[in-house]
Amino acid sequence: MALPDLVPSRYLVFSPTVYRHPGGRHLRAVFHTGRARTLLLDTDTVRTLTDGDPAGLPADEQQRLATLGVLVPAGTDEAAAVIAAGEQEAATTRTRQFVVMPTAYCNMGCGYCGQEHRRDTPAARPTRHRETIAARVEQAMASGDYDRVVVRWFGGEPLMGYAVLRALSARFTAAADRHGVAYSALLVTNGALLDARKLRTLHRDCRVVQIEVTIDGPAPVHEASRPLNSGQGSYDRITAALRGVLTDPDLAGLRVTVRTNVGTHNADQADAFAAAMRDAGLADPRIRFYPAPVHSWGNDVSDVRLRQRHAADTEVRWYAAYLAAGLHCRVLPSQPVRVVCTATSRHSEVVAPDGHLYSCTEQPLVPGFTGEHLGTVDDVPLGQLRPRGRYDDWYAGLRAGETGCRSCPILPVCGGACPKLWREDKPPCPPLKENLAARIDLQVRSSGLVPA
């Protein structure tokens, strides 16, 4: 059977480096963003692909590359397929997600934070919306529409509302068992209130399977960047708690992500931070590290935020430092991004501490955006999804060319990054757009291949 006319996929990003295979062949790496997969191809094949005319390749090689998605039939609208897949997933997912903020307060005063914190929890307000939150989650479990329900505990600092978190978790876990639905929770925390007993309760009783903690650098940098309101330090407590995760057999199923918010205050701390994490005993596969550029939530972070090119170069240095210190990280995306965030699917909703519903996590507690709420949990009938929000037409906007994403080679692993920032006319393109080729090289070198 004759092959159709084939052309290189638009979602190929090549590393600039030529590598020598142990057998003597010269290779170049290509990352297929549509499949989030790295391939090693001989330099002649790469030259043919970059020239855009693979017809000269042997038929069996063309077939192999077509199977890998490297070649696609001429005329294929790959961007339309990526957008359609995201739209389909957002509309028909069998996973229901609730982002629950048990408190509006935080015990830290980070200078780049865009939230306004206050002592306020559902338990403290004269409304019944905490009961309604539990009822909405339970109804989703009983509906038969979902195979899995996920709760993301968010803040403020969610552990400042620990009693609320535990009480709601007891309702959620009991309902999941009653209805035979998979249930798990994630916790985004500054880590200052973590200890062995809380960790065991969170994991065993509340079914928290992943915790994300922010550490902004070696101890002096972290304490200056993320000060506790009490004036005490948090670095030693956080690292001790994370070590405890690794040594407590009751926490064997708990995974940890360590995020570092990178800006002008710590961009040059990659090597020192990685060494500090290694020396703290955190070089373990159950703990993954990643840098995240400081960005605005509507607040002015111009003194801290890195410019795009600087952020891209800095990110590569941080990943290189992680690897050199034996820390675990994902240098390259491991899967395509279908649903970019909670704001683009009505099967996800954000419940603020005062009971207001949002679609976007960067609106509650953020001055200027709290009025973007979609009503309250008490307003929405239990059997209905949250009301439509400003970003539920995100995929239609991508299709229409509202942003530059449709023609971008990293769309499948980026998803557009942040609908909110796009519609504020602040393109949120991640450093990956600038540094993907360098990150491919970093990944390949870490596997042991040597540049030719």
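The values are calculated or read from the model by the stated rules, or taken from the named source; none is laboratory data. None of these values were measured; they are calculated from a predicted model. Reconstructed Cβ throughout: ideal geometry from the backbone, glycine too, with neighbour counts over all protein chains shown. Note: areas computed on protein heavy atoms with side chains; ligands, DNA, RNA excluded. Shrake-Rupley method; radii C 1.70, N 1.55, O 1.52, S 1.80 Å.
Filter segment 354-406 for residues that are open to solvent by 20 Å² or more (accessible area, probe 1.4 Å) and over 29 Å from ASP145 (Cβ atoms) and give the result.
Within segment 354-406, PRO367, GLY368, PHE369, THR370, GLY371, ALA400, GLY401, GLU402, GLY404, ARG406 qualify.
When the residues of segment 286-301 are narrowed to those that are assigned to a loop (DSSP other than H, G, I, E, B), open to solvent by 40 Å² or more (accessible area, probe 1.4 Å) and more than 19 Å from ALA224 (Cα to Cα), which ends up modelled with the highest pLDDT?
Within segment 286-301, the first condition is being assigned to a loop (DSSP other than H, G, I, E, B), and the residues that meet it are 286, 294-301.
With the extra rule that they be open to solvent by 40 Å² or more (accessible area, probe 1.4 Å), the set shrinks to 286, 295, 297-298, 300.
So of that shortlist, the ones also more than 19 Å from ALA224 (Cα to Cα) come out as 286, 297-298.
Values: ARG286: 98, TRP297: 90, GLY298: 86.
In this case the residue turns out to be ARG286.
Looking at segment 144-163, which of the residues that are within 14 Å of ARG94 (Cα to Cα) and open to solvent by 40 Å² or more (accessible area, probe 1.4 Å) is farthest from the chain's Cα centre (by Cα)?
GLY144
Of everything in segment 354-377, what is over 16 Å from TYR391 (Cα atoms) and touching a helix residue (DSSP H, G or I) at 6+ places or on another chain (Cβ under 6 Å)? Give them in sequence order.
Passing the criteria: GLY355, VAL377.
Here is a list of conditions, (1) open to solvent by 70 Å² or more (accessible area, probe 1.4 Å); (2) over 22 Å from the mean Cα position of the chain (by Cα); (3) farther than 30 Å from PHE172 by Cα, and PRO8 meets all of them except one; can you say which number that is?
It fails just one condition, (1).
Is it true that some residue in segment 322-336 is in contact (Cβ under 8 Å) with a residue 40 or more places away in the chain, closer than 30 Å to ARG128 by Cα and aromatic (Phe, Trp, Tyr)? Spell out the reasoning first.
Going through segment 322-336, the residues in contact (Cβ under 8 Å) with a residue 40 or more places away in the chain turn out to be 322-336.
Within this subset, residues satisfying the condition of being closer than 30 Å to ARG128 by Cα are none.
Checking segment 322-336: not a single residue is in contact (Cβ under 8 Å) with a residue 40 or more places away in the chain, closer than 30 Å to ARG128 by Cα and aromatic (Phe, Trp, Tyr).
Working only within segment 74-106, note down all residues that are in contact with a helix residue (DSSP H, G or I) (Cβ under 9 Å, 6 or more places away or on another chain), of a type in the set (S, T, N, Q) and in a strand (DSSP E or B).
Passing the criteria: only GLN97.
Suppose we filter segment 29-45 for residues that are open to solvent by 50 Å² or more (accessible area, probe 1.4 Å) and among the aliphatic types (A, V, I, L, M); how many remain?
Residues flagged as open to solvent by 50 Å² or more (accessible area, probe 1.4 Å) and among the aliphatic types (A, V, I, L, M) within segment 29-45 amount to 1.
Taking MET160 as meeting all but one of (1) touching a Cys at 6+ places or on another chain (Cβ under 8 Å); (2) in contact (Cβ under 8 Å) with a residue 60 or more places away in the chain; (3) aliphatic (A, V, I, L, M), write down the number of the exception.
(2)
Pairs needed: first member in segment 282-296, more than 16 Å from ALA324 (Cβ to Cβ); second member anywhere, outside any strand (DSSP E or B) and of a type in the set (Asp, Glu); C-beta distance under 8 Å; at least 6 residues apart or different chains.
Partner pairs satisfying both residue conditions: PRO293/GLU315.
State whether one or more residues within segment 183-190 are polar (S, T, N, Q) and more than 24 Å from ARG136 (Cβ to Cβ). Break it down into steps so the answer makes sense when it comes.
Of the residues in segment 183-190, the ones polar (S, T, N, Q) are 184, 189-190.
Of the ones still in play, those that are also more than 24 Å from ARG136 (Cβ to Cβ) are 190.
Yes - at least one qualifying residue is present in segment 183-190.
Being without any contact (Cβ under 8 Å) to a residue 40 or more places away in the chain, open to solvent by 50 Å² or more (accessible area, probe 1.4 Å), within 30 Å of ILE287 (Cβ to Cβ) and of a type in the set (Lys, Arg) is true for just one of ARG166, ARG207. Which residue is that? Steps first, please.
Working: ARG166 fails: without any contact (Cβ under 8 Å) to a residue 40 or more places away in the chain.
Result of the check over ARG166, ARG207: ARG207.
Would segment 231-253 turn up any residue that is among the basic types (Lys, Arg) and touching a strand residue (DSSP E or B) at 6+ places or on another chain (Cβ under 6 Å)?
First pass over segment 231-253, keeping only residues among the basic types (Lys, Arg): 237, 243.
Within this subset, residues satisfying the condition of being touching a strand residue (DSSP E or B) at 6+ places or on another chain (Cβ under 6 Å) are none.
No, that holds for no residue.
Can you tell me which residue among VAL316, VAL350, VAL304, VAL337 is open to solvent by 40 Å² or more (accessible area, probe 1.4 Å) and not hydroxyl-bearing (Ser, Thr, Tyr)? Step through it out loud before you land on a result.
On the way: VAL316 fails: open to solvent by 40 Å² or more (accessible area, probe 1.4 Å); VAL350 fails: open to solvent by 40 Å² or more (accessible area, probe 1.4 Å); VAL304 fails: open to solvent by 40 Å² or more (accessible area, probe 1.4 Å).
Checking each option against the conditions leaves just VAL337.
I'd like the full set of residues that are in contact (Cβ under 8 Å) with a residue 12 or more places away in the chain, outside any strand (DSSP E or B) and not basic (Lys, Arg), limited to segment 10-36.
Step one: of segment 10-36, the residues in contact (Cβ under 8 Å) with a residue 12 or more places away in the chain are 10-21, 25-36.
Then keep just the ones that are outside any strand (DSSP E or B); that gives 10-11, 21, 25, 33-36.
Residues satisfying the conditions are TYR11, HIS21, THR33, GLY34, ALA36.
Quick one: LEU357 ticks every box in (1) closer than 28 Å to PRO333 by Cα; (2) not in a loop (DSSP other than H, G, I, E, B) bar one, so which box is it?
For LEU357, the failing item is (1).
Can you tell me how many residues within segment 407-427 are in a loop (DSSP other than H, G, I, E, B) and either more than 20 Å from the chain's Cα centre (by Cα) or surrounded by fewer than 17 Cβ atoms within 10 Å (Cβ to Cβ) (or both)? If you could, list the steps in order and put the result at the bottom.
Keep residues of segment 407-427 that are in a loop (DSSP other than H, G, I, E, B), which gives 408-410, 415-418, 424-427.
Now restrict to residues that are either more than 20 Å from the chain's Cα centre (by Cα) or surrounded by fewer than 17 Cβ atoms within 10 Å (Cβ to Cβ) (or both): 424-427.
Of the residues in that region, 4 qualify.
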